[in-house]
Structures are given as C-alpha cells and as structure tokens.
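To start, the structure under review is shown below, and the notes come after it.
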Ligand SMILES: [Zn+2]
C-alpha cells in the first residue's frame with residue numbers, strides 16, 4: 001500500500017498562457033494546486049474544489065487528453081467541484097485575507113517569489 005498522499009499546497013500564479021483558471025499536479029510527491037489569483041471569490045472556491053478533486057480522484061482523468069474517457073472524467077470532476085463549491089458557498093465559506101497587507105505568494109517557473117511592495121499595494125487598495 002502506498003503512503004497517504006499529503007495535502008496539496010496551493011500556490012497563486014497568473015495562468016493566462018495555460019488557458020486555465022487552475023491546474024493540479026497530482027503526481028508530485030507533495031501535490032500542488034495552482035490558482036490564478038485574479039479569480040473572484042466564488043469562482044476561486046470552485047476552482048480549488050475542482051483541482052483538489054483531480055488530486056483526490058486521479059483515476060478519473062488518467063486517459064489520453066483528447067479521448068472520450070478523459071472528457072467524461074473531466075466532466076465528472078467539474079460537476080463534483082461545482083456541487084461542493086455551491087454547498088460551501090451557500091453555508092458562508094469564503095476566502096478571507098487575515099493580514100491586511102497579505103498578498104498571495106506567486107510561483108514562477110521554478111521559484112517562489114513574493115510580489116513587489118508596490119504591486120501588493122496596488123492590488124489591495
Ligand atoms: Zn479539470
């Protein structure tokens with residue numbers, strides 16, 4: 001039996017080039033979920049649920065990317081992610097920035113970088 005998979009780490013990164021709101025890397029030793037920081041609160045919750053499900057249920061999309069089986073698995077993940085996010089949202093779960101000056105850590109290709117001071121100010125005022 002394999003070890004229990006660790007809880008994924010969420011990192012925030014602009015994902016424009018990937019044409020995605022979020023991405024999951026289920027096969028990393030420590031799984032990573034990437035989220036586009038520009039998403040609104042509700043969409044962000046939905047995308048986090050969606051990507052977490054990719055990591056929890058990797059078999060659903062273990063098929064060639066353009067196959068019917070893959071599309072079916074993706075549709076299932078999408079349905080589950082929306083269902084989960086809707087329940088949580090309805091019950092009042094929201095992202096809260098604890099620290100007034102908190103800015104999500106951004107991940108570039110290989111390293112974690114903190115946004116520049118003037119950037120974080122622009123984003124939160
Ligand atoms: Zn997906």
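Every number here is computed from the coordinates shown, using simple stated rules; none is lab data. All of these numbers come straight from a predicted model, not from anything done at the bench. Backbone-built Cβ (ideal geometry, glycine too); neighbour counts: all protein chains shown.
Remark: spin-label model distance residue 43-residue 9 equals 2.7 nm, labels positioned 7 Å along the Cα→Cβ axis. Once the chain from residue 87 to residue 66 is taken as fully extended at 0.36 nm per residue, the excess over their C-alpha distance is 4.5 nm.
For region 36-58, backbone nitrogen atoms closer than 11 Å to the point 7 Å from residue 94 Cα along Cα-to-C-beta are found at 41-42.
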